[in-house]
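Below you'll find the structure, written out as structure tokens, and then a few comments.
The values are calculated or read from the model by the stated rules, or taken from the named source; none is laboratory data. Here the structure is a predicted model, which means the values were calculated and not measured. Cβ coordinates were reconstructed from backbone atoms using ideal geometry, including for glycine residues, and neighbour counts include every protein chain displayed.
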Amino acid sequence: MSELSTVEKIRAAAMELFGEKGYTETSLADISSKVGIKKPSLYAHFKNKDDLFLLTVHDLMNLFLTKLSVIYEQHKTKSAKEQLYCFVVDFCTMIEKDSFGQMYRRLILFPPEHLQSEVKAIFLRSERLSDQILHAIFTQGMAEGEIIERPIDLYINSFYCLTDGLFIQRFYYEPEYYDQKIHDAWTIFWEGIRAK
């Protein structure tokens, strides 16, 4: 396996430190120290801290979309109900691993105030892929008579509220109780959309 380039090391260090400490508490000196280079060397690759932060948000969203695509590919031959359930469970599991949830929370939900509009734009662009995946699943469910015929946007918006709520709760509850919350939230969601 080839060694990471300096730029890749900087990007990895930035994601880890911005995720751990947030934008304000992470300095370029922290990042350069973690990589093992001098701070002025960062400027050969990035204009400034804001530039590096926004690239980190892009990297995080690309990682998130890659994970979503893998989840979809693993389950796309199942029924719509099974796909949606796996999507919820795998999403909630994904955010617990490799500090991903912490990074996502800090970088996407709580970006620095002066970069909020740029972060929002990156997030909304990346949401298109997850919209496409969910659109395909809900379309399948309605075509196969599993899900009540309704506008798909209604289902997608509701599904995001379900997963976003579970995402936030993950930071407050112990795993066993959190698993119960996933089960209960899914049960009520499915009861509300399934064809009787």
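Numbers for the structure displayed
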| quantity | calculated |
| --- | --- |
| Single residue of the stretch 151-182 satisfying the filter (of a type in the set (Val, Ile, Thr) and modelled with pLDDT of 95 or more) that is farthest from residue 87 (Cα to Cα) | 152 |
| Every residue from the stretch 139-150 that is in contact with a strand residue (DSSP E or B) (Cβ under 8 Å, 6 or more places away or on another chain) and over 15 Å from residue 82 (Cβ atoms) | 148 |
| Residue match in the stretch 151-168 (condition: charged (D, E, K, R) and in contact with a helix residue (DSSP H, G or I) (Cβ under 8 Å, 6 or more places away or on another chain)) | no |
| Of all residues making up the stretch 27-57, the number that are closer than 17 Å to residue 118 by Cβ and surrounded by 14 or more Cβ atoms within 10 Å (Cβ to Cβ) | 9 |
| Wholly within the stretch 107-196, helices (runs of 4 or more DSSP H) carrying at least 3 residues that are touching a residue at least 60 places away in the same chain (Cβ under 8 Å) and either touching a Pro at 6+ places or on another chain (Cβ under 8 Å) or under 30 Å from residue 12 (Cα atoms) (or both) | 116-143, 152-169 |
| Within the stretch 139-152, tally of residues that are loosely packed, with under 12 Cβ neighbours inside 10 Å and on the phi < 0 side of the Ramachandran plot | 3 |
| Count of the stretch 127-169 residues which are among the polar types (S, T, N, Q) and in contact with a Ser or Thr (Cβ under 9 Å, 6 or more places away or on another chain) | 1 |
